[in-house]
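Shown next, in structure tokens, is the structure this report addresses.
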Amino acid sequence: MNVRKGTLLTPGVEEGPPINTARVALIGANGHGRWHRRVIGPLHVAGRLRLVALVDPRPIEEEPAAPVPAGTRVFTDHRTMLAEVAPDVVVICTPPHTHLSIARDAVAAGADLLLEKPPVLSSTEHEELADALASTGRVAQVGFQALGSAALTALTDAVSAGRLGTVTGIATVAAWQRPDAYYARAPWAGRRHLDGRPVLDGALANPLAHAVMQCLAVAEAVTGHPVDPARIEVERYRVRPIEVDDTAVLRLRPAVGPPIVAAVTLAGEDFVAGEVIVTGSAGRAVLEYPTDRLSLPGDPGPREVPGRRGLLENLLAHRADHRVALIAPLARTAPFTAVLTALQAAPEPTLLGGGLVDAVGEGAQRVLRIRGVNEVLRRAAEHGELPSESGVAWAVAPWQTPAPDPPAPAERMTSE
Ligand SMILES: NC(=O)c1ccc[n+]([C@@H]2O[C@H](COP(=O)([O-])OP(=O)(O)OC[C@H]3O[C@@H](n4cnc5c(N)ncnc54)[C@H](O)[C@@H]3O)[C@@H](O)[C@H]2O)c1
């Protein structure tokens with residue numbers, strides 16, 4: 001699409017939206033931003049919001065399912081857009097390492113945020129953004145869209161109602177494949193640092209972040225509180241010369257509540273969409289989070305629990321009436337960001353190769369698969385064991401966060 005900075009795309013008469021309709025801008029309009037354009041488009045047409053600006057340094061790609069509405073301005077720089085358009089809501093869908101500075105600018109300009117996941121890359125950045133929100137009175141919804149799923153609510157309701165008995169473990173297993181083209185699509189793909197700044201791509205931090213976040217949401221239902229990680233152990237592997245993991249098994253032991261294990265790969269043999277497995281004294285539940293298929297104790301098999309509340313619609317509803325709770329407020333993502341903080345400190349993943357890794361396909365669509373990885377990940381999720389603990393020949397000792405200091409004797413006596 002040939003558009004000039006700051007121009008009206010299609011000048012013309014537009015039916016005006018209701019006076020209080022939120023004016024929305026999207027920063028990062030290509031890549032996953034096209035998905036946001038497909039969400040925003042129908043809401044704009046229905047008069048529920050008004051898309052006022054797109055920002056991207058690259059030309060805006062055509063999105064046939066969501067043509068850019070007349071009157072939408074296009075910018076290459078978010079600061080210029082914020083100054084000239086002053087939107088009410090900003091959707092930020094740029095590379096992860098750009099999130100904090102853009103988010104700070106947007107809230108300073110008076111906008112509420114729909115901020116893509118991972119919202120920020122460390123707990124320090126989380127605190128900075130939380131402070132910026134508090135001082136400006138703005139809110140941030142984080143793009144963990146699977147938190148809006150009715151299937152997750154059905155699972156957490158079952159957990160809270162005691163249908164699984166005492167929950168003893170929460171785990172996720174997912175096996176995807178990503179071709180060479182995936183790592184070539186953007187300069188930050190597969191990188192730990194870019195231009196001297198942390199980027200922290202990787203299976204756990206990015207494509208399978210939803211799997212981790214779903215587990216944290218279930219853990220929240222078990223204890224009634226957000227997870228407070230006491231210790232994180234992780235084994236990270238890679239099959240390409242990237243700087244981050246494409247295969248990882250992570251075990252998080254919370255200060256209170258059952259352990260959480262995430263066993264994921266982008267170099268899988270068989271496709272596993274992403275299961276969240278909750279084990280309790282009275283039975284187990286499995287949620288396939290990308291498809292919203294759920295099986296609870298006593299169910300004859302998995303059933304689809306349809307329905308997802310959209311994050312942008314929920315943010316608009318919250319702005320109109322603060323009694324409507326946000327689905328994924330920044331605070332809810334603090335344990336996820338604590339996981340990222342631990343991953344930042346972990347050493348480079350172990351490179352796997354030789355006879356262990358098969359190449360399938362050609363050119364940019366070539367994928368690499370680790371022989372036997374599905375079985376290894378399944379075992380980790382089912383038994384809560386890291387690969388190095390279950391005798392996997394290629395496994396290496398886990399990296400772990402330091403154990404928290406033991407409580408002082410007086411503290412221990414009061415808490416016992
Ligand atoms: N919620 C989900 O399921 C989901 C899925 C995919 C990606 N994401 C997230 O969306 C974000 C973007 O991912 P992607 O894969 O689309 O990345 P990408 O690099 O493919 O695309 C990002 C877009 O942002 C633009 N951009 C870069 N810097 C910018 C800036 N300073 N201002 C404006 N635009 C800028 C780029 O030109 C590009 O068009 C990431 O945080 C990613 O984790 C979320």
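Couple of notes before you dig in:
- Enumeration of residues in region 186-199 that are touching a helix residue (DSSP H, G or I) at 6+ places or on another chain (Cβ under 6 Å) and buried (at least 18 other Cβ atoms within 10 Å of the Cβ): 189, 190, 199
- Of everything in region 32-58 that is surrounded by fewer than 17 Cβ atoms within 10 Å (Cβ to Cβ) and within 9 Å of the ligand (Cβ to nearest atom), the residue that is nearest to the chain's Cα centre (by Cα) is 32.
- Residue selected from region 67-115 under the condition of a type in the set (D, E, K, R) and not in a helix (DSSP H, G or I), by the criterion nearest to residue 54 (Cα to Cα): 73
- Inside region 169-221, residues that are more than 23 Å from residue 234 (Cα to Cα) and of a type in the set (Asp, Glu) make up a count of 2.
- Condition broken by residue 116, with the remaining ones in (1) closer than 15 Å to residue 26 by Cα; (2) more than 15 Å from the ligand (Cβ to nearest atom) satisfied: (2)
- Whichever residue in region 100-138 is touching a residue at least 40 places away in the same chain (Cβ under 8 Å) and of a type in the set (Asp, Glu) and, among such residues, is farthest from residue 326 (Cα to Cα): 125
- Residue within region 135-142 that is small (Gly, Ala, Ser), under 23 Å from residue 187 (Cα atoms) and within 14 Å of the ligand (Cβ to nearest atom) present: no
- Hey, residue 100 under 23 Å from residue 139 (Cβ atoms) and within 11 Å of the ligand (Cβ to nearest atom) or not: no
- Residue within region 215-238 that is within 13 Å of the ligand (Cβ to nearest atom) and in contact (Cβ under 8 Å) with a residue 40 or more places away in the chain present: no
- Given (1) in contact with a Phe, Trp or Tyr (Cβ under 7 Å, 6 or more places away or on another chain); (2) on the phi > 0 side of the Ramachandran plot, number of the condition residue 110 does not satisfy: (1)
- For residue 301, the requirement of being surrounded by 18 or more Cβ atoms within 10 Å (Cβ to Cβ), of a type outside the set (Asp, Glu), in the same structural domain as residue 165 (by TED's automatic domain parsing) and more than 17 Å from residue 168 (Cβ to Cβ) is not met.
- Test set (1) buried (at least 24 other Cβ atoms within 10 Å of the Cβ); (2) within 30 Å of residue 347 (Cα to Cα); (3) in contact with a strand residue (DSSP E or B) (Cβ under 6 Å, 6 or more places away or on another chain) - residue 141 fails condition number: (2)
- Residue count for region 144-187, restricted to those that are touching a Phe, Trp or Tyr at 6+ places or on another chain (Cβ under 9 Å) and not in a strand (DSSP E or B): 4.
The values are calculated or read from the model by the stated rules, or taken from the named source; none is laboratory data. As the structure is a prediction and not an experimental result, all values here were calculated from the model. We place every Cβ from the backbone using ideal geometry, glycine too, and count neighbours over all the protein chains shown.
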